[in-house]
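Heads up: the structure comes next, in structure tokens.
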Amino acid sequence: MFDLTGHNALVVGVANDQSIAYGCAKAFRQQGANLAITYLNEKAEPHVRPLAEKLGADIIAPLDVRDPAQIDALFEDIAAKWGKLDTLLHSIAFSKKEDLHGRVVDCSADGFSLAMDISVHSFLRLINKAEPLMPHGGTCMTVSFMGAQKVIDNYGVMGPVKAALEAATRYAAAELGEKGISVHALSPGPLKTRAASGIAEFDALLNDASERAPTHQLATIEDVGAYAAFLASSEAFNVTGGVHPIDGGYSIIG
């Protein structure tokens, strides 16, 4: 129904073949897009590079979003290789374990700042660098979770952090809409990823989601990828600023 041939997509956040970012990268590639895929550091590279090579990525580069030099180098590489960027997919988040597993009111100032910087402001930093490479429009996406809008047991400080991410998405969409750049937050329901494994009693949440969701099925990285590929396409040009649940309807159940 839609075609991404000739489309250039940057995917940030692939950790392994169960990552939401990997599901999105696969979908972009299946629809014909060229890929740039990043890995966090030397420890992560052996897990990410083979996946990126399997997808035929044009660019495989390190990216720690706390390092401005790495961000600059990545976008310089994209500019030199492609000359333009059509899609940015940001799928990274971080919190110190003691802050994630503790009460929100006990979260340290440093821990809160770190979680906000990596999980939220990094999206804005990447959009800022992507904007000049999207002179004819483009799509920027991030990944949220229903814990941004309602209290989820054991989600802790990431709830307020994801709420800020969703607000940042709306403001960025409002500011960039006149340039034809759309901004979205994908909000999958509970699904098995390495990041989710850090949340206490997450298996119970998975079971609850599959039992109570209208479809009685958990979301998959392929579900998220298909939705992301649509949003990246020209057919979705007039959609922006939304938080998109991809959860079998779980989020509508009280």
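The values are calculated or read from the model by the stated rules, or taken from the named source; none is laboratory data. Remember, predicted model here, so these are calculated numbers, not experimental data. We place every Cβ from the backbone using ideal geometry, glycine too, and count neighbours over all the protein chains shown.
As a summary of the residue check, L51 satisfies the conditions (1) buried (at least 20 other Cβ atoms within 10 Å of the Cβ); (2) within 27 Å of L176 (Cβ to Cβ); (3) hydrophobic (A, V, I, L, M, F, W, C) except for the one numbered (2).
Among residues of segment 100-115 that are farther than 12 Å from Y155 by Cβ, those with a beta-carbon under 6 Å from a residue that is of a type in the set (K, R) at least six positions away or on a different chain give the pairs G111/K96. Selection within segment 65-91: residues that are assigned to a loop (DSSP other than H, G, I, E, B) and surrounded by 22 or more Cβ atoms within 10 Å (Cβ to Cβ). The member of this set that is nearest to the chain's Cα centre (by Cα) is S91. Within segment 226-241, the residues that satisfy the criterion of being without any contact (Cβ under 8 Å) to a residue 60 or more places away in the chain and not hydroxyl-bearing (S, T, Y) are N238, V239. The conditions of being farther than 20 Å from I181 by Cα, over 15 Å from the mean Cα position of the chain (by Cα) and not charged (D, E, K, R) are met by F112. Just one of the listed residues (R29, R49) is modelled with pLDDT of 95 or more and either closer than 19 Å to T142 by Cα or of a type in the set (V, I, T) (or both), namely R29. Looking only at residues in segment 131-171 that are among the basic types (K, R) and modelled with pLDDT of 95 or more, the one that is farthest from A21 (Cα to Cα) is R170. Does D223 fit the bill of being charged (D, E, K, R), at pLDDT 75 or above and surrounded by 15 or more Cβ atoms within 10 Å (Cβ to Cβ)? For D223, the condition - charged (D, E, K, R), at pLDDT 75 or above and surrounded by 15 or more Cβ atoms within 10 Å (Cβ to Cβ) - is met.
Residue count for segment 33-64 under the criterion of being without any contact (Cβ under 8 Å) to a residue 60 or more places away in the chain, more than 17 Å from the chain's Cα centre (by Cα) and in a loop (DSSP other than H, G, I, E, B): the result is 8.
Kindly evaluate F123 against the criterion of being of a type in the set (A, V, I, L, M, F, W, C), in contact with a His (Cβ under 9 Å, 6 or more places away or on another chain) and in contact (Cβ under 8 Å) with a residue 40 or more places away in the chain. Before you say what the answer is, go through the steps one by one.
Working: of a type in the set (A, V, I, L, M, F, W, C): yes; in contact with a His (Cβ under 9 Å, 6 or more places away or on another chain): yes; in contact (Cβ under 8 Å) with a residue 40 or more places away in the chain: yes.
So F123 fits the description; yes.
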